[in-house]
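Okay, structure first, notes after.
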Amino acid sequence: LTREFTGLTGDALESLRNEIQATADLFDKDYKEVLQGVDTLMAQYGINAEEAIKIVNDGFIAGADLSGNYLNQLKQYAPAFHDMGLSAEQLVALIAQTRSGIFSEQGMALVQMAGKRLREMSTSTAQSLDAIGVSSQKVRQDLATGRADIFEIIQRISGALKELNPNSQAVGA
């Protein structure tokens, strides 16, 4: 199974298998779930198995699994958050923050949806951005040229929203 997921052979395969088993045993997880988490990080971020298992372990150590959902969140959010420009380490840090209420799992889903809406840039999204003082045209240009990634745009929007009255129609839109 590990060979199928990772394509590794020989000593590298055996070493990864042992590391995954150790992680599964230490954190009381199913071997296959840990393997899927490692595979997700490898596939989405183009990192090797050694880096991926280290990141998975760092998340466990940081408390990302207090809800018991860490490995599922990795699989669920890695594609979208990678597309937004976040590193694997940043994704794990955000997941770890869900445990303390600083950032909720619903917040992760909203950020994922915001990324999708910014990429699609419908007329209503563009109008909403312009209404809060964030130029939709500049957002389009920055994304097209790579001057900014989706997550930087989300941070820009968040900053603009902080400057406005939270009860205003622009903020609501």
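The values are calculated or read from the model by the stated rules, or taken from the named source; none is laboratory data. Everything quoted here is computed from the prediction, not taken from an experiment. Cβ coordinates were reconstructed from backbone atoms using ideal geometry, including for glycine residues, and neighbour counts include every protein chain displayed. Heavy atoms of the whole protein, side chains included, go into the accessibility calculation; ligands, DNA and RNA do not. Shrake-Rupley method; radii C 1.70, N 1.55, O 1.52, S 1.80 Å.
For residues that are of a type in the set (Asp, Glu) and not in a loop (DSSP other than H, G, I, E, B), scanning just region 131-163, find the one that is most open to solvent (accessible area, probe 1.4 Å). Write out each step before concluding.
As a first pass, look at region 131-163 and keep what is of a type in the set (Asp, Glu): 142, 149, 152, 163.
From what's left, not in a loop (DSSP other than H, G, I, E, B): 142, 152.
On the way: Asp142: 3, Glu152: 83 Å².
Among residues in region 131-163 that are of a type in the set (Asp, Glu) and not in a loop (DSSP other than H, G, I, E, B), the one most open to solvent (accessible area, probe 1.4 Å) is Glu152.
Of all residues in region 113-125, which are surrounded by fewer than 16 Cβ atoms within 10 Å (Cβ to Cβ), part of a helix (DSSP H, G or I) and among the aliphatic types (A, V, I, L, M)? Walk me through it before giving the result.
Of region 113-125, the ones surrounded by fewer than 16 Cβ atoms within 10 Å (Cβ to Cβ) are 113, 116-117, 119-124.
Okay, now just the ones that are also part of a helix (DSSP H, G or I), so 113, 116-117, 119-120, 123-124.
Once the filter is applied, which keeps residues that are surrounded by fewer than 16 Cβ atoms within 10 Å (Cβ to Cβ), part of a helix (DSSP H, G or I) and among the aliphatic types (A, V, I, L, M), region 113-125 yields only Met113.
Given the criteria open to solvent by 10 Å² or more (accessible area, probe 1.4 Å), under 29 Å from Arg156 (Cα atoms) and modelled with pLDDT under 95, does Ala78 qualify?
Working: open to solvent by 10 Å² or more (accessible area, probe 1.4 Å): no; under 29 Å from Arg156 (Cα atoms): yes; modelled with pLDDT under 95: yes.
No.
Against the condition of a type in the set (Asp, Glu) and under 30 Å from Ser168 (Cα atoms), how does Glu51 come out, does it pass? Break it down into steps so the answer makes sense when it comes.
Working: of a type in the set (Asp, Glu): yes; under 30 Å from Ser168 (Cα atoms): no.
Criteria not met by Glu51.
List the pairs whose first member sits in region 40-58 and is over 14 Å from Thr23 (Cβ atoms) and open to solvent by less than 40 Å² (accessible area, probe 1.4 Å), whose second member is in a helix (DSSP H, G or I) and of a type in the set (D, E, K, R), and whose Cβ atoms are under 7 Å apart, counting only residues at least 6 apart or on separate chains?
If the second residue must be in a helix (DSSP H, G or I) and of a type in the set (D, E, K, R), the pairs left are Thr40/Lys75.
Determine which member of the set Val92, Val38 is farther than 30 Å from Asp142 by Cβ and touching a helix residue (DSSP H, G or I) at 6+ places or on another chain (Cβ under 8 Å).
Numbers: Val92 fails: farther than 30 Å from Asp142 by Cβ.
None of the other options fit; the residue is Val38.
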